[in-house]
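Colleague: Structure below; questions to follow.
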Amino acid sequence: MSLFGKLFHKEQNDLAEREKHTEQNVQAQDGKSFETSLGKFTYVYAPNSNPPEIGYESELQWYDMPEDAGERLKYFSVGCYIDCNTTDTMEAGICLDRLIRLFEDRVWTDRRVKQAAADHFAGENGMIKDCDGMDISKEEFVEQLEVTFISLYRDGSTVFSVDHGCELDLDGEIHVIYDDRDQVTFQMDEEFDGS
C-alpha cells in the first residue's frame, strides 16, 4: 500500500472511530435535547445574541466533586455551549466530538487555559498586579482562577470563560479564546459581549 493510501486509510479509520465515539456518547435524542455521558444538552436558538447561538447548552462536571461535604456546598458546575454543525440543522456532532476530546484531557486543558491567562496578565517581572496593587506570582494567580463556561463554535474556535476571583482590577470574566489554529487571544466581558 502506498504512503498516500496508508494515510488516507488511517484518516478514514480515525473518522470512523470519532463518529463511533460520538454515537456512543449520545444516548437519547428527542429533537430539543440529548443525553450524553457528559450530561443533558438542551437546544437553544438565539440568532440575535452576540455571538449568535444556534446549538445546545449543558452543565458539566468539569471539576471533580469534592469529597468534603462543606466543599461540596461551594461546588459549581461549568456551563457549556456547543454550536450546531450548521445554522440550518440541529445536529451538533462536530462540536460535541471536540468537547468530548477536551473533556478527556480536562485537567491538562484547565491548567493550559489558566496558565495562558497568567502569562497574558503578567508584567515584565513575571508578577501580576492584583486589585489592591500588590504583586502576586503567576502560580498564585492560576490557583485563584476557575473556568465557569466553555463555548465551542462551528468555526473551530473554543472560548473558556474564566473567573479571576477579583484578583485583577477588572470587571467581569476573562475570555480565553483559542481559534481553529490553536492561536490564543483574550477578551474581557465588555469586548466579548460587544456591549
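The values are calculated or read from the model by the stated rules, or taken from the named source; none is laboratory data. Remember, predicted model here, so these are calculated numbers, not experimental data. Using ideal geometry, Cβ is built from the backbone for each residue, glycine included, and neighbour counts are taken over all protein chains shown. Keep in mind that these areas ignore ligands, DNA and RNA; they rest on the heavy atoms of the full protein, side chains included. Shrake-Rupley method; radii C 1.70, N 1.55, O 1.52, S 1.80 Å.
Colleague: Just a yes or no: is a residue in the stretch 142-157 in contact (Cβ under 8 Å) with a residue 12 or more places away in the chain, over 15 Å from the mean Cα position of the chain (by Cα) and at positive phi? It would help to see each step written out before you state the result.
Modeller: Restricting attention to the stretch 142-157, the residues satisfying the condition of being in contact (Cβ under 8 Å) with a residue 12 or more places away in the chain are 142, 144-157.
Filter once more, keeping what is over 15 Å from the mean Cα position of the chain (by Cα): 142, 144.
Now restrict to residues that are at positive phi: none.
No, the stretch 142-157 contains no residue that is in contact (Cβ under 8 Å) with a residue 12 or more places away in the chain, over 15 Å from the mean Cα position of the chain (by Cα) and at positive phi.
Colleague: Follow-up. Test of understanding: among Trp108, Trp62, which residue is more than 20 Å from Arg154 (Cα to Cα), in a helix (DSSP H, G or I) and at pLDDT 95 or above?
Modeller: On the way: Trp62 fails: in a helix (DSSP H, G or I).
Step by step, each of Trp108, Trp62 is checked, and only Trp108 is more than 20 Å from Arg154 (Cα to Cα), in a helix (DSSP H, G or I) and at pLDDT 95 or above.
Colleague: Considering only residues that are touching a helix residue (DSSP H, G or I) at 6+ places or on another chain (Cβ under 8 Å) and under 15 Å from Glu146 (Cα atoms), which ones fall in the stretch 64-82? Walk me through how you get there before you give the answer.
Modeller: First, pick out the residues of the stretch 64-82 that are touching a helix residue (DSSP H, G or I) at 6+ places or on another chain (Cβ under 8 Å): 65-66, 80, 82.
Selection gives Met65, Pro66, Cys80.
Colleague: Right, another one. Is at least one residue of the stretch 3-17 open to solvent by less than 90 Å² (accessible area, probe 1.4 Å), at pLDDT 95 or above and not in a loop (DSSP other than H, G, I, E, B)?
Modeller: No - not one qualifying residue is present in the stretch 3-17.
Colleague: Another question about this same structure. Filter the stretch 182-195 for residues that are without any contact (Cβ under 8 Å) to a residue 24 or more places away in the chain and under 20 Å from Arg112 (Cα atoms) and give the result.
Modeller: Passing the criteria: Asp182, Gln183, Thr185, Gln187, Met188.
Colleague: Being under 17 Å from Tyr45 (Cα atoms), in a loop (DSSP other than H, G, I, E, B) and open to solvent by 100 Å² or more (accessible area, probe 1.4 Å) is the requirement here; does Asp88 meet it?
Modeller: When the stated conditions are applied, Asp88 passes them.
Colleague: Another question, if that's okay. Sort out which residues of the stretch 174-195 are open to solvent by 60 Å² or more (accessible area, probe 1.4 Å) and touching a Ser or Thr at 6+ places or on another chain (Cβ under 8 Å), and write them in order of number.
Modeller: Selection gives Asp180 alone.
Colleague: Just a yes or no: is a residue in the stretch 50-66 among the small types (Gly, Ala, Ser), open to solvent by less than 20 Å² (accessible area, probe 1.4 Å) and in contact with a Gly (Cβ under 9 Å, 6 or more places away or on another chain)? Spell out how you get there, then give the answer.
Modeller: Of the stretch 50-66, the ones among the small types (Gly, Ala, Ser) are 55, 58.
Among the residues that remain, those that are also open to solvent by less than 20 Å² (accessible area, probe 1.4 Å) are: 55, 58.
Now narrow it down to the ones that are in contact with a Gly (Cβ under 9 Å, 6 or more places away or on another chain): 58.
There is at least one residue in the stretch 50-66 that is among the small types (Gly, Ala, Ser), open to solvent by less than 20 Å² (accessible area, probe 1.4 Å) and in contact with a Gly (Cβ under 9 Å, 6 or more places away or on another chain).
Colleague: Just checking, how many residues over the stretch 159-170 are more than 14 Å from the chain's Cα centre (by Cα) and either more than 17 Å from Ile128 (Cβ to Cβ) or among the polar types (S, T, N, Q) (or both)? Explain how you work it out, then say what you get.
Modeller: Initially, the stretch 159-170 is screened for residues more than 14 Å from the chain's Cα centre (by Cα), giving 164-170.
If we keep only those that are either more than 17 Å from Ile128 (Cβ to Cβ) or among the polar types (S, T, N, Q) (or both) too, we end up with none.
Within the stretch 159-170, residues that are more than 14 Å from the chain's Cα centre (by Cα) and either more than 17 Å from Ile128 (Cβ to Cβ) or among the polar types (S, T, N, Q) (or both) number 0.
Colleague: Still on this structure, please answer the following. If Ser33 meets every condition in (1) at pLDDT 90 or above; (2) touching an Asp or Glu at 6+ places or on another chain (Cβ under 8 Å) apart from one, which number is that one?
Modeller: Failed condition: (2).
Colleague: Something else about it: Kindly provide the set of residues from the stretch 107-126 that are open to solvent by 50 Å² or more (accessible area, probe 1.4 Å) and either touching a Leu at 6+ places or on another chain (Cβ under 6 Å) or closer than 20 Å to Thr185 by Cα (or both), ordered by number. Show your work before the answer.
Modeller: Step one: list which residues in the stretch 107-126 are open to solvent by 50 Å² or more (accessible area, probe 1.4 Å), which gives 107-108, 111-112, 115, 119-121, 124-125.
Those that are open to solvent by 50 Å² or more (accessible area, probe 1.4 Å) and either touching a Leu at 6+ places or on another chain (Cβ under 6 Å) or closer than 20 Å to Thr185 by Cα (or both): Trp108, Arg111, Arg112, Gln115, Asp119, His120, Phe121, Glu124.
Colleague: Among the listed residues Asp155, Asp171, which satisfies the condition of being in contact with a helix residue (DSSP H, G or I) (Cβ under 7 Å, 6 or more places away or on another chain), open to solvent by 40 Å² or more (accessible area, probe 1.4 Å) and of a type outside the set (A, V, I, L, M, F, W, C)? Please lay out each step first, then the result.
Modeller: Details: Asp155 fails: in contact with a helix residue (DSSP H, G or I) (Cβ under 7 Å, 6 or more places away or on another chain).
Every option except Asp171 fails the conditions.
Colleague: I would also like to ask the following. Starting from the stretch 34-46, keep only residues that are within 13 Å of Thr87 (Cα to Cα), then list their pairs with residues that are open to solvent by 30 Å² or more (accessible area, probe 1.4 Å) and at pLDDT 95 or above whose Cβ atoms are within a distance under 6 Å, requiring at least 6 positions of separation or different chains.
Modeller: Here the result reads Val44/Glu57, each pair linking the stretch 34-46 to a residue that is open to solvent by 30 Å² or more (accessible area, probe 1.4 Å) and at pLDDT 95 or above.
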